[in-house]
1. Pick from Glu65, Glu70: which is open to solvent by 40 Å² or more (accessible area, probe 1.4 Å) and either out of contact with any strand residue (DSSP E or B) (no Cβ under 9 Å at 6 or more places or on another chain) or modelled with pLDDT of 90 or more (or both)?
2. In the stretch 201-223, which residue that is assigned to a helix (DSSP H, G or I) and either among the acidic types (Asp, Glu) or touching a Gly at 6+ places or on another chain (Cβ under 9 Å) (or both) is surrounded by the fewest Cβ atoms within 10 Å (Cβ to Cβ)?
3. Quick one: in the stretch 28-43, of everything that is open to solvent by less than 60 Å² (accessible area, probe 1.4 Å) and not in a strand (DSSP E or B), which residue is modelled with the lowest pLDDT?
4. Can you tell me which residue within the stretch 81-95, out of those that are part of a helix (DSSP H, G or I) and more than 16 Å from the chain's Cα centre (by Cα), is surrounded by the most Cβ atoms within 10 Å (Cβ to Cβ)?
5. Scan the helices (runs of 4 or more DSSP H) fully inside the stretch 96-200 and keep the ones with 1 or more residues being of a type in the set (S, T, N, Q), surrounded by 22 or more Cβ atoms within 10 Å (Cβ to Cβ) and touching a helix residue (DSSP H, G or I) at 6+ places or on another chain (Cβ under 7 Å).
6. Do we have Ala49 as open to solvent by 50 Å² or more (accessible area, probe 1.4 Å), at pLDDT 95 or above and out of contact with any Asp or Glu (no Cβ under 9 Å at 6 or more places or on another chain) here?
Amino acid sequence: MKCLKSSTLGGVAILFMALLPNPAKASEEPSTGYEAPEISFAYNPLFDALLCGRDEERRVSTETEDDLRELMPSLQEAWAEVGSDLLQEVAEVVGMPFEFYEARANIFLCSGMPSLASPLIVSARSYVVAGPNQKTQPLSVLTNTLWHEVVHRFIRDIVGPAETATTPLLKKYADEKPVVRNHLHLIAIENQVYRRLGLGEHLQSVIAFDQSLRSAEAFAWAREIAEKEGDAAFVAELKQF
């Protein structure tokens, strides 16, 4: 989860996610290649209205909504360029297929809301609204955020919920904050995937963006742990499931 601050989604969650099981997971035949799930996304102003509509300070303006609508074709192009490759490489690195073959994400603008894996929602606010003394973020960071949340689901399908997941390395770092533990395997996969695809510059943009988040310290510490243990160690224990 890439989070600005925590929030309760309540009964609106059903609107924002659709995941279907992947028949490849149940196949008895060994796979020599893995397919990426199909990811679609759209902006639905209803989500912003439900969460921000009654708060004047957080209410999304019509101008900002229009800016996002203008941005959506570029986001579609950015995802089409690298999204499937990023997801396919996840399965190749870990040696397991995704358990779902499609997912739909809702893009939103409401401030103070985190991007989440379940329901699959992605904040686009930083890409249409510049913060104090900041520029809007590049689309390579937004595509990573979408990828990031989908991979959270991939990892959870392997090891179980982050709160109860137990692997040797998670046990070793049991005293760390949940946000740190929840990102150790993901960061290790991320490092390997972006390295294998030659997207080092994109990854550096992601790391720079992470430093602007409220969870910046936790993300930085998780990256230090992944570097200390080695990406391969975290990936290897996923392969044991």
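1. Working: Glu65 fails: open to solvent by 40 Å² or more (accessible area, probe 1.4 Å).
Step by step, each of Glu65, Glu70 is checked, and only Glu70 is open to solvent by 40 Å² or more (accessible area, probe 1.4 Å) and either out of contact with any strand residue (DSSP E or B) (no Cβ under 9 Å at 6 or more places or on another chain) or modelled with pLDDT of 90 or more (or both).
2. Filtering the stretch 201-223 for residues assigned to a helix (DSSP H, G or I) gives 201-210, 216-223.
This time we only want the ones that are either among the acidic types (Asp, Glu) or touching a Gly at 6+ places or on another chain (Cβ under 9 Å) (or both), so: 201, 210, 217.
Details: Glu201: 11, Asp210: 21, Glu217: 13.
Checking each candidate, the answer is Glu201.
3. Applying the first criterion (open to solvent by less than 60 Å² (accessible area, probe 1.4 Å)) to the stretch 28-43 yields 33-34, 36-37, 39-43.
Now narrow it down to the ones that are not in a strand (DSSP E or B): 33-34, 36-37.
Values: Gly33: 80, Tyr34: 92, Ala36: 96, Pro37: 97.
Only one residue fits best here, namely Gly33.
4. From the stretch 81-95, those part of a helix (DSSP H, G or I) are 81-94; that's our starting set.
Pick out the ones that are also more than 16 Å from the chain's Cα centre (by Cα) and you get 81, 92-94.
Working: Glu81: 13, Glu92: 15, Val93: 22, Val94: 24.
Going through the qualifying residues, I end up with Val94.
5. Working: elements: 125-128, 139-159, 168-172, 178-181, 184-196.
Passing ranges, in order: 139-159.
6. Values: open to solvent by 50 Å² or more (accessible area, probe 1.4 Å): yes; at pLDDT 95 or above: no; out of contact with any Asp or Glu (no Cβ under 9 Å at 6 or more places or on another chain): yes.
Judged against the criteria, Ala49 is not a match.
The values are calculated or read from the model by the stated rules, or taken from the named source; none is laboratory data. As the structure is a prediction and not an experimental result, all values here were calculated from the model. Positions of Cβ are generated from backbone atoms using ideal geometry, with glycine treated the same way; all protein chains shown enter the neighbour counts. Quick note on the areas: whole protein, heavy atoms, side chains included, nothing else; ligands and nucleic acids left out. Shrake-Rupley method; radii C 1.70, N 1.55, O 1.52, S 1.80 Å.
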